[in-house]
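Peer 1: Quick one: this structure, given as structure tokens, is what I'll be asking you about.
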Amino acid sequence: MSDTQKLDPALLELLVCPVSHGPLSYDEKAGELVSKEAGLAYPVRDGIPIMLAEEARKLEA
């Protein structure tokens, strides 16, 4: 499996940012779930979203 495989759209509708509780968008190229409200990008590894704030990358302003 590739880290950049497609994420199930139904799963994306259910997930929210654990920090802001806001919506997430999927950046397929980067393989990340992005929370613009929190300024964080959560990695997706082997098709599994890693929804831990300590694993998230801070977005550049």
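What follows draws every value from the coordinates through simple rules; no lab data is involved. Just so it is clear, the structure is predicted and the values come from calculations on it, not from any experiment. Cβ: placed from backbone, ideal geometry, glycine included. Neighbour counts: every protein chain shown.
Peer 1: Report yes if V34 is under 10 Å from the mean Cα position of the chain (by Cα) and either in a helix (DSSP H, G or I) or surrounded by fewer than 17 Cβ atoms within 10 Å (Cβ to Cβ) (or both), otherwise no.
Peer 2: Considered against the rule, which asks whether it is under 10 Å from the mean Cα position of the chain (by Cα) and either in a helix (DSSP H, G or I) or surrounded by fewer than 17 Cβ atoms within 10 Å (Cβ to Cβ) (or both), V34 comes out as no.
Peer 1: Is it fair to say V19 is surrounded by 14 or more Cβ atoms within 10 Å (Cβ to Cβ), touching a helix residue (DSSP H, G or I) at 6+ places or on another chain (Cβ under 9 Å) and of a type in the set (A, V, I, L, M)?
Peer 2: yes
Peer 1: Can you find a residue in region 13-29 that is polar (S, T, N, Q), free of Cβ contacts under 8 Å to residues at least 60 places away in the same chain and part of a loop (DSSP other than H, G, I, E, B)?
Peer 2: Yes, region 13-29 has at least one match.
Peer 1: I would also like to ask the following. Regarding region 1-12, can at least one residue be identified that is in contact (Cβ under 8 Å) with a residue 24 or more places away in the chain, among the hydroxyl-bearing types (S, T, Y), surrounded by 10 or more Cβ atoms within 10 Å (Cβ to Cβ) and in a loop (DSSP other than H, G, I, E, B)?
Peer 2: There is at least one residue in region 1-12 that is in contact (Cβ under 8 Å) with a residue 24 or more places away in the chain, among the hydroxyl-bearing types (S, T, Y), surrounded by 10 or more Cβ atoms within 10 Å (Cβ to Cβ) and in a loop (DSSP other than H, G, I, E, B).
Peer 1: Now a separate question. Please enumerate the residues belonging to region 51-61 that are closer than 10 Å to P18 by Cβ and loosely packed, with under 13 Cβ neighbours inside 10 Å.
Peer 2: Those that are closer than 10 Å to P18 by Cβ and loosely packed, with under 13 Cβ neighbours inside 10 Å: L52, A53.
Peer 1: Anything in region 37-50 that is exposed (fewer than 13 other Cβ atoms within 10 Å of the Cβ) and assigned to a strand (DSSP E or B)? List them, or say none.
Peer 2: Of everything in region 37-50, those that are exposed (fewer than 13 other Cβ atoms within 10 Å of the Cβ) and assigned to a strand (DSSP E or B) turn out to be R45, I48.
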